[in-house]
1. Based on Cα coordinates alone, diagonalise the gyration tensor for segment 242-286, multiply each eigenvalue by 5, take square roots, and list the semi-axes in whole Å, largest first.
2. With a Cα-only, solvent-free Debye model of segment 153-215, what are the log10 I(q)/I(0) values at q = 0.15, 0.24 Å⁻¹?
3. Two decimals, Cα atoms only, Kirkwood Rh: what is Rg/Rh over segment 282-392?
4. Under 37 °C and 0.692 mPa s, how fast does segment 189-331 diffuse according to Stokes-Einstein, given a Kirkwood radius computed over C-alpha pairs? Answer in µm²/s, whole number.
5. Would you mind calculating the relative contact order of segment 185-296 from Cα pairs under 8 angstrom and at least 6 residues apart, reporting the percent as a whole number?
6. Determine the share of the chain's accessible area contributed by carbon and sulfur atoms, expressed in whole percent, with a 1.4 angstrom probe.
7. Between 0 and 90 degrees, rounded to the nearest ten: what's the tilt of helix 225-234 against the longest Cα principal axis of the chain?
8. Would you kindly state how much longer the chain becomes between ALA207 and ARG180 on full extension, computed as 0.36 nm times their sequence separation minus their alpha carbon distance, in nm to one decimal?
Amino acid sequence: MIRAYRAELLSVSHDSPDAVRHEPDGLLAVEDGVVIARGAWADLADSYPDAEPLAGLVVPGFIDAHVHYPQTDRIASYGEQLLDWLDKHIFPAEKAFADRAHADAVAAFFLDELLRNGTTSALVYPTVHEQSVDALFEAALERRMRIVSGKVLMDLGPDGLRDTVASGRAETEALIRRWRGRGRLGYAVTPRFALASSDEQLADAGALLAEHPEVLMHTHLSENVHEVAAVAARFPDSADYLDAYDRFGLVTPRSVFAHGIHLSDRACSRLHESGAGVAVCPSSNLFLGSGHFNFGQADRHALRLGLGTDVGAGTSFSMLRTAGLAYQVALAREDRLDPFRALYLATAGSASLLHIADRVGALEVGQEADFVVLDSASTPLMARRTAGADLATRLFALQILGDERAIARTYVMGECAYKRTP
């Protein structure tokens, strides 16, 4: 069945100014969930005379490059920086995911919250429990979402969140077999972070990554100064935090590192050389007092970047709000993040980081038709600020003033998966 939509269309397919594609009066045609035509309404109207009009700015579905679904119920937990915050708030919450019914309930809420915020794809942390992955993947299948995840590896974790090298491998391999090729799902080998795994487990994670060329590697890197110091003490022979992973084969083109806000130039050079990338998480970094991502340094080294909410250290599921905070974080270092590049990071940039850019992120012909209808008049203030404004001003206002209220509709594979109620 062919569905066609008439609307203002906007996407940014590459990290360059000439990659902005904008049809003020455009048409998007979808067949079996895939874009089959896109262009100006005047050029395509005769082929799709029954196109449904959509009121708002249509952009690709947002792609969250780093988010923790088990931390949903601990968003806005007071008073700690990273390591203490994990011990006090997060590890106790994650222990509850030994209960499959609890995992099912949180996974359903989490994915619905993503859709309510216009996010259609995500790279997601579960917990150490195998069933936490099953719960997430089953809920994602029901919603036809593109989700990448994988059992957390942490044989040095606290009681109730500790696996072993052998069990971590066995459960990872079982999950890859169970979910390979199903729906729009992908797998990521997921060591929690360098301090949570023994050398043996980190080496085995590198071996798993090498043995399964279709999977990603997802972990944390240089998030907090106290964490960085603890990693340096644990790995005294490593040149830096990234090198602690590199020695175990975990720095590859398929590696996604969250945060990366305290990186040496050596580490940046190695990230560029390897093809690995960084999921920038400004909301989380501000909330935990971790610091400001250095966009200038990243650009000097031509790093691959995406954008992540990192809930629950992040304070919102909204990629619009996260893009606005990325602008503020960049400006704190006297860098400029223009609204089109911010949109790129939240869509095609994250898609590239997750190795799914051939399928989502730019609303090009042949890609899956995940998209969002943005309402720049969703609040009185935003309506006043954007009245008569040009495209860049409207987009920037959406990122600075917008949140889930600006999401009028979310479409997955060309079908409406969320519609804002009046």
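The values are calculated or read from the model by the stated rules, or taken from the named source; none is laboratory data. Being a predicted model, the structure only gives us computed values, none of them experimental. Neighbour counts are summed over all protein chains in view; Cβ atoms, including those assigned to glycine, are modelled from backbone coordinates with ideal geometry. Accessible surface is based on the protein model in full, side chains and every heavy atom, while ligands, DNA and RNA are left aside. Shrake-Rupley method; radii C 1.70, N 1.55, O 1.52, S 1.80 Å.
1. Working: eigenvalues 69, 25, 18 Å².
Calculated on Cα positions only, the semi-axes equal 19, 11, 9 Å.
2. -0.45, -0.99
3. Values: Rg = 15.1 Å, Rh = 15.4 Å.
Rg/Rh for segment 282-392 comes to 0.98.
4. Details: Rh = 15.3 Å.
Taking Rh from Cα pairs, D becomes 215 µm²/s.
5. Details: 161 pairs, mean separation 28.2, N = 112.
With pairs under 8 Å counted, the relative contact order is 25 percent.
6. Using a 1.4 Å probe with all protein chains present, the chain comes out at 51 percent carbon and sulfur.
7. The angle comes out near 40 degrees.
8. Numbers: separation 27, 0.36 × 27 = 9.72 nm, distance 1.84 nm.
Full extension of this stretch gives 7.9 nm more.
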